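Worksheet: one structure, shown below.
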Amino acid sequence: MHAPQNNQQQKVQVAVSSTPSSPASVPVSTSTTPSTVQYTAAVSGTGNTAVTWSISAASVSSVCSASGAGLGTLSDNGNGTATYTAPTQIPISPCGIAVTATSNEDNTSSGQALVNVHVVVSVAQAPATIGQGANVQYTATVEGAPSANQGVIWSASCPNCGTQQSGGAFDPNNPGVFIAPGLTQGTTSVSTSITATSNFDSAQFGTATVTTVQTDPLGTVSNVQTVASCPADSNGGLTGGTCYSMTVSCPGVADLTTYLKVNPAPASAIGTVMFLTGSGGTELYDSNSSWAFGYQTVENVNAANYNTVQVSFGGPFVTTQPNGWLQGPGGVRRLACRFATISDWVYNNPKKINTASIATTSAPFCATGNSGGSGALAYAAIEYGLAGYGGMTAEFAMIEPTSGPPMTRLDNACVCNNNAMGNPDTCSGFGHTPMCFSPSEAAIIDPAYQTAGQSKPPTLCSDGLSGTVNTNANRFLSDSILWQPTKTLPTPKSTTIVPHFGGADTTTAVPQGETWLENFGSVINQQCTADAPHEIPSVSDGAQAIASDIIANCH
């Protein structure tokens, strides 16, 4: 007898494998970087190993609603292999895609593998180093998500901070605005991890790292060129000067062309003095259209054998920078890096200032600025360390901030819901007066927060004057010269500070400036010109008094 034969045909089977292995998890493709998965089909039970590839939506946490090209593409490479390329946008993340290989011998036999496509969160480059108490605006992009689903949750962590040192935090009222911590005694730097977690897919996040140091980082100067025409002052004097243009680059802000008018000392120089006008510093000190006597200050200082260096962030050289150093983005404090960087360059390039110099620095090095210029000067001295703070070399031997600084407490100046009062005016004899800006003063600050592409400045400071908009209070405090108002500033040991006010000044620069002075550890030698308004060099005795102060103290 013979055993019966088994004539049943062997079943065709298809197995699909992938690299990375199934279920693969890959990001969406971008315009420059495709995101791919390689697939291989193994067919058994027949000599015909050819397959047909296809893709379809699959269920992960929920069913992916993509279809057609929204699923991505699948390219048959032959020999049972295929390449899947993820789409650039998905309706849900993760979006599950089934990749199927069907036998050409038996179209009822197939194998399948999954790929989960997810969005990618990227954090835009921002300054890697910021000063304590400063702020920086972070932005994140959720690549692959619809435009309506770009939201992220910001968080900051500092695993090495310990219990005494904070790593900083995000402003709850301004998404993406990180405010650096104040450093505890003995701490010189802190590294904080920044995380942006997608609202669209909470498993996806982007990261960055920022290091907080004692003082705000200075920028760099490049492209230094001599300007063909260097004007005389408004009185026809200070001729024969040399004017320079240069590019100032600071972390987190746009480059800005800056101009210097340099007049070397007529005899052997005994020092170098810088001059800056008000608001955004867009005029030369010796020919400011708002001042009748600014030329007297510069002429008198120069005649006393000081090199004089006037800084302009615009006119009379160009008319395309109407906001000067206060042109954003970046915020007031970060934009003050421009003047601080120029000051540092002048200090370290004495032969550019006076070719007869044989010194390695411009010391003794002094400066004065009125109103907004006094603000730039105070930021440079304190936040940027040029008065010897934060372990920096004390470059300024003496500074004379006049009519200010008005940026002492920007939170009280731009957010007027608490009617904060500044210190009494010791020049006029007025008592405590409000620190809140007038509309015209707020309009000077607004452009500092203008972002690239905005046709006109935002109104962050102006909006707060009503007292009903206080969402920017934390940011304005961070941008203030007194960003840590509960702590007394140590008096610089190597820099003499000579504040100067006009007795007829009725602006908020007075209570702002007087409040700044109170926060030093000792009394500052304050000067007054009784008949001077806010623009002190607009009266002859005010202009000459500033010059006398500098000549007496710049040594």
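Annotations
- Residue ID - surrounded by the fewest Cβ atoms within 10 Å (Cβ to Cβ), chosen from residues in segment 407-422 that are touching a strand residue (DSSP E or B) at 6+ places or on another chain (Cβ under 9 Å) and either among the aliphatic types (A, V, I, L, M) or at negative phi (or both): Met421
- Hits in segment 343-384 (condition: free of Cβ contacts under 8 Å to residues at least 60 places away in the same chain and part of a loop (DSSP other than H, G, I, E, B)): Asn349, Ile358, Ala359, Thr360, Thr361
- Considering residues of segment 385-406 that are in a loop (DSSP other than H, G, I, E, B) and open to solvent by less than 10 Å² (accessible area, probe 1.4 Å) only, the residue farthest from Gly186 (Cα to Cα): Ser403
This table checks each residue for (1) at pLDDT below 90; (2) closer than 11 Å to Cys427 by Cβ; (3) not acidic (Asp, Glu).
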residue: Asp505; (1), (2), (3): no, yes, no
residue: Val510; (1), (2), (3): no, yes, yes
residue: Asn519; (1), (2), (3): yes, no, yes
residue: Ile524; (1), (2), (3): yes, no, yes
residue: Ala530; (1), (2), (3): no, yes, yes
residue: Pro533; (1), (2), (3): no, no, yes
residue: Pro537; (1), (2), (3): no, no, yes
residue: Gly542; (1), (2), (3): no, no, yes
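- Subset of segment 176-200 [closer than 30 Å to Val120 by Cβ, in contact with a helix residue (DSSP H, G or I) (Cβ under 9 Å, 6 or more places away or on another chain) and not hydrophobic (A, V, I, L, M, F, W, C)]: Ser198, Asn199
- Residue, farthest from Leu183 (Cα to Cα), within segment 473-486, restricted to residues that are open to solvent by 20 Å² or more (accessible area, probe 1.4 Å) and touching a residue at least 60 places away in the same chain (Cβ under 8 Å): Ala473
Residues are listed down the side, and each one gets a yes or a no for (1) surrounded by 15 or more Cβ atoms within 10 Å (Cβ to Cβ); (2) assigned to a strand (DSSP E or B):
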| residue | (1), (2) |
| --- | --- |
| Thr46 | yes, no |
| Thr52 | no, yes |
| Ser61 | no, no |
| Ser65 | no, no |
| Ala69 | no, no |
| Leu74 | yes, yes |
| Asn77 | no, yes |
| Tyr84 | yes, yes |
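- Only one of the listed residues (Phe200, Phe170, Phe178) is aromatic (Phe, Trp, Tyr) and either closer than 30 Å to Ala66 by Cα or open to solvent by 40 Å² or more (accessible area, probe 1.4 Å) (or both). That residue is Phe200.
The values are calculated or read from the model by the stated rules, or taken from the named source; none is laboratory data. Everything numeric here is computed off the predicted structure, so don't read it as measured data. Using ideal geometry, Cβ is built from the backbone for each residue, glycine included, and neighbour counts are taken over all protein chains shown. SASA here: full protein model, heavy atoms, side chains in, ligands and nucleic acids out. Shrake-Rupley method; radii C 1.70, N 1.55, O 1.52, S 1.80 Å.
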